[in-house]
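Single-structure report; data block below.
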Amino acid sequence: MNTTTAATEAKVTVATVRTWCRIGAVAAAKVAGRWVIDTASLARRIAIGARRAARKAAQVVFSTETMTAIGGRRWQKNGMDRVYLNNWAEYAGLDLTYYNSGNISSASLGGRGIANGRAYNILGLVDKLYFDALDGSLHVKHRGAREVEVRYLNGERDSVDLVARIFDGVRAAIAAL
């Protein structure tokens, strides 16, 4: 099969098919200066692309079922229906280890080391993370600004949107179900 036919079948450009041939993503050989592509190999490549597109297209649904599936605890009272996620620090990418005394022995944010005192400060910024079943949205009750100034142990500084990190972590946890 030639590159034009392969591109039509795969619903991609001819340049993409040529790149696949060049990098070995599909089995192909050059004959008289033109790529000849193995049909079975192209079918496998199309299937890989379809799986990736399906994963990307999979919508993350916020519901009481998904929130409890990722570790939330449902609470219903006085006409309110919420699922509380008490481990919000994990969703934010805040990884902590503790001494037996309860003090933080090491802390990292997104895999990068931060000072233990700064980790305590970050822990104090968020009061609650919950999903409200009545309005179908995720809420973060926090103190002060959403953005947190973080100084990593290597000396670099960064401004981190803590609420966005938490929401991204929750979406990733649901997508992993």
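When the range 1-12 is filtered for residues that are loosely packed, with under 13 Cβ neighbours inside 10 Å and within 29 Å of the chain's Cα centre (by Cα), only LYS11 remains. Look at the range 96-111: where a residue is of a type in the set (Asp, Glu), no partner that is in a loop (DSSP other than H, G, I, E, B) and at pLDDT below 95 sits 6+ places away or on another chain with Cβ atoms under 8 Å. A search for C-beta distances below 7 Å between a residue of the range 138-153 that is without any contact (Cβ under 8 Å) to a residue 40 or more places away in the chain and any residue that is open to solvent by 90 Å² or more (accessible area, probe 1.4 Å), counting only pairs 6+ apart in sequence or on different chains, returns GLU149/ARG157; ARG151/ARG157.
When the range 75-89 is filtered for residues that are open to solvent by 100 Å² or more (accessible area, probe 1.4 Å) and closer than 20 Å to PHE167 by Cβ, only ASN86 remains.
Could you please find all residues in the range 95-127 being farther than 14 Å from VAL148 by Cα, open to solvent by 40 Å² or more (accessible area, probe 1.4 Å), within 23 Å of the chain's Cα centre (by Cα) and among the small types (Gly, Ala, Ser)? Selection gives GLY111 alone.
The values are calculated or read from the model by the stated rules, or taken from the named source; none is laboratory data. Computed from a prediction, not measured in an experiment: that's the story for all the values here. Positions of Cβ are backbone-derived with ideal geometry, glycine not excepted, and every protein chain shown enters the neighbour counts. Quick note on the areas: whole protein, heavy atoms, side chains included, nothing else; ligands and nucleic acids left out. Shrake-Rupley method; radii C 1.70, N 1.55, O 1.52, S 1.80 Å.
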